[in-house]
Amino acid sequence: MRILLVEDEVPIQSFLQRSLEEAGFQVDIAPDGKTAEQLAVDAAYELLIVDLGLPDMDGLDLIDHLRRMGVRAPVLILSARRSVDDRVRGLEQGGDDYLTKPFAFAELLARLRNLLKRNAPSVSESTRLRVQDLELDLLRREATRAGQILPLTTQEFVLLEYLCRNAGRVVTRSMILDKVWGMRIQPDTNVVDVHIYRLRGKVDGKGMQPLIRTLRGVGYVLKDR
Amino acid sequence: MFSKTDKGFRSAAWRITAWAAVAYAIGTLFVFFSLHRFVARDIQRRSDAWLSGEVEVLGDVAQRTPKDSLYQRVVEEVAELASREVPNRDETEAPDTAAVFFLERDTNNAIQVWVGPGKSADVAHAIHQSVVRQDKPSDISIAGFSIPYRVAMARLEDGSTVYLGLSERDQLRVLANLRNQFLVVWALVVLLGCAIVFSATRRMLNHVRRISEAASRIGHSDLCERVPVSKRGDEVSHLATTLNKMLDRIEETIHQLHTITDSLAHDLRSPLTAIRGKLELSLSMEDVEEQQDAIIASIEELDRLTVFLNTTLDVAEARADALRLNKSAIDLCDLIQNMIDLYEPSMTERGLLIRYENDGPSFIHADPSLIHRMLANLFDNELTHLPDSRTILVRVRNESQSVNLSFEDNGPGFSEDVISSIFAKRIRGRNSQGHGLGLAFVDAVVRAHNGTVSAFNRDTGGACISIILPVTHAR
C-alpha cells in the first residue's frame, strides 16, 4: 500500500517513514507542497498524510489543489495547532481525518487504517466478532469466552467490542475515550485504566491465557494470536 | 522625524477653507442684494415724497402769483430755491441746478415757465411721449441726458400744469457708493472668515496629525506611549481617548502574553529536565526492563506535559477573551451521565459514592469539547482531592434562563489558604498530584460561555463548586 507523506520536518519525516514501513506501508516523502503535487499526479497513492505547516503553502490549500487535480485518496491531516479550524472540520466531514501533534504512533496507525477501510468497498457487517476463544454476538450484546458467557455491563461490552474490532493493534487511552465515550479529553486520572482492569478481570479468568495486554506508555492491545 | 511638509501629507484645511469661502461669499452676496434693494426703494420713496411736496408748493406759488410781467421771475426764483434742497445731494459739491427742472404749461400746452438744464422743448416732448400721473412721480428719459429724470406733476385750477423733474443722478450715486463700500467690506469679511475657518480646521487637523504621528510611532516601536489627548472633550479628543483605550488593551494583552510565555518556560523546564535526565540515565542501564521503565515513564511525562501545555494556553486565551468556541446544542444532563459512567469505576475503587440528581434534559449552546474537558476536570478534582469513602452529589437544575450545575461532597472542604484564589492559576491543595490548572481551566471555560462559577465550603461541611451556564439558543 502506497502512502504519500507530506511533511517538511526531517525528524518527524524519518520517524514516520520508519514506523510506517515497519507497519507494512510503502512510503514516499514530499518535503513541500510543490513536490507533493508532482508526486500525487505521477503515482496513485491510497492515502496522503499532510502536515498543515508546509514551507511553501498552507496544507489545506494543498489539499484543495490536489482535490481539484483529481486526487481522490483520503487525507490524514497533521496539525501543530491546538484548536481545529473550521476548514479542517469541513474536511473531516468530507471523509478525511486529522490528528494534532504530538500524537502516539498507535493512534496515527489506527486513524490511517480507519481511513483506508472507509474508502474500501464495504464488506457486509458481520454480526459476530471472534478473537481466539473470545466471541461477541453483536445482536444479542453477549460475549462468551471458551463458551462461558461473560457478565459484562453495557459499557464493558462496548469497550470490548472496540478492542475486538482492533484486535492485534494498539489502541491508546485517548482513542478509547474518543470511540467508546465519544469525548476527546485527556483526564489527569487513570479512569480508562480502571475500566480496562475491570474488563480484564471478567475476560481473562483464572487459568486462562490473558487476552488484554497493557503496553505501558502507549495503550492496550487485544492479542489475536 | 515627521515634518509638516511631508509629501504624503496634504492638509484637508485648504479644502475645507475653500468650501467655507464659497459658502460665505454666496451667503453675504445674497444678504447684500436684499439690502441693496431695500435701500434703493427707500431712496426712491424719499425723493418721490420730496417731488410730490415740492411740485405742490410750486403749483401753489404759481397759482397765487398774479399773472403779470413779474410772474415768470417770481416762479423762476422759487423754482430755483427749491432746486437747492434736493434730497441725497452730495454736500461737498457746489449746488447746481442741473439736477432739477421746472416746467409750467398752460391749457394749450404752451410753455409758460422753464427753469432747468437743456432745452425746454426736449423736456416738453419727453413729457408728451410718456404719461405723467398726478398722484405718483414717474421716470422719464430726456434726449441729451444719459440719466433719467423722475418727474412729478400738479394741475392748477386754471387748467395749466406744472412739472418738477429731479435727475436720478444723486440717487444712483448713493447706490454706487453703497456697492463700492460693500465690495470692500465683503472682500474683508470673506478673507477674515476664511482665515478663521482655516486656522480653526488647521488647529483641529494638527491635533489629528499629532495623534496619527503618535500612533505611527507606537506602531513602530514603543507600546507604552499614548496619543495626546486635548482637554476640549470634542470628537478629536474622544478619538484620542478611544485610541488610548485600545492601546491599553493591546499592551495588557501583550503583557499577559509575556507573563504566559515566561511562566510556560518556567513550568516546562523542570519536567523537561526530568525527562531528559531519565532518558540519559536509561542509556547507562544494563537491565533492559529497567531501561524500558525509564523510557515509558518519559513518554507518560511527555503526555502529561502536552496536556498541561494545551490547558495553559486555553486558560490564557480564555483570560484574554480569545478562546475560539465551536458551539452546538448539547444536553448537559446526558453528558454528565456519560461522564459518571466513565468515572464511576475509579470512584468505586476509592470507595467514593457518586449520586446524581437532575431535572431531565438540560440543553445549552456551548462548545462540546471544552465542556467535556471542563467536566473531566471537575471529576478529576473530586477524584484526586476527596479522601476515601465519601459521597459526591452532582446536581443539574434547569432554570428559565440558565442551567445550574453543582458538585458537592462531604470531604474536608477547601482549606482557608486556598479558597480565596481557588480559580487562579496553579493553585494546588495539599497532597495534590495534578498540575494545578484544573479549576483555573473550569473557570476559563465557564467565563468563555458567559457563565459564573463559585467555590465554597458548605455549612454542613464539605466543598461545593457551583456553576451557572446561560441557556443561549442557536440563531
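Any read-out appearing in this document is the output of simple, stated calculations on the displayed coordinates, not a laboratory observation. Keep in mind that this is a model prediction, so the values were computed, not measured. As a convention, Cβ positions derive from the backbone with ideal geometry for all residues, glycine included, and neighbour counts pool all protein chains shown.
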- Cβ neighbours within 10 Å from other chains - mean over B:333-345: 4
- Search the structure for amide H atoms under 5 Å from the amide H of A:VAL27, placed 1.01 Å from N in the peptide plane, and list their residues when 5 or more places away or on another chain. A:ILE3
- Whole-Hz Karplus couplings 3J(HN,Hα) for the range B:63-80, θ = phi - 60° and coefficients 6.51, -1.76, 1.60, Gly and Pro as x, run 6, 7, 5, x, 7, 10, 5, 7, 3, 4, 4, 4, 5, 4, 4, 4, 4, 5
- Counting pairs of alpha carbon atoms under 8 Å apart in space and at least six apart in sequence, what relative contact order in percent does chain A give? 13
- Förster radius 60 Å - calculated FRET efficiency between B:LEU156 and B:GLU235, Cβ distance, rounded to 0.05: 0.20
- Going toward the positive end of the dipole of the protein assembly as shown, with +1 on Lys and Arg Cβ and -1 on Asp and Glu Cβ, which of B:SER130, A:GLY147, B:ILE340 do you reach last? A:GLY147
- Query: So how strong a dipole does the protein assembly as shown carry about its Cα centre when Lys and Arg Cβ are +1 and Asp and Glu Cβ are -1, to the nearest 20 debye?
  - Reply: 360
- Item | Which of B:LEU353, B:ALA99, B:ASN244, positive extreme of dipole for chain B (C-beta unit charges) | B:ALA99
- When a/c is below 1.5 the answer is rounded, else prolate if a/b is larger than b/c, else oblate, so apply that to the range A:1-125 with a ≥ b ≥ c taken from the square roots of the Cα gyration tensor eigenvalues. rounded
- Message: Name the residue from B:ILE275, B:ALA366, B:VAL418 whose Cα lies farthest towards the positive end of the charge dipole of chain B, charges +1 on Cβ of Lys and Arg and -1 on Cβ of Asp and Glu.
- Response: B:ALA366
- Would you please give the residues with an amide H less than 5 Å from that of B:THR472, counting only those at least 5 places away or on a separate chain, with H modeled from the backbone geometry? B:HIS365
- Distance (nanometres) between label positions extended 7 Å along Cα→Cβ at B:LEU192 and A:THR214: 9.8
- Query: Distance from the Cα centre of the range B:177-256 to that of the range B:337-362, in angstrom?
  - Reply: 64
- Please give the net charge around B:GLU408, taking every other residue with its beta carbon less than 14 angstrom from that of B:GLU408, where Lys and Arg add +1 and Asp and Glu add -1. +1
- Full-extension gain in nm, A:THR144 to A:ALA43, via 0.36 nm per residue minus C-alpha separation: 31.7 nm
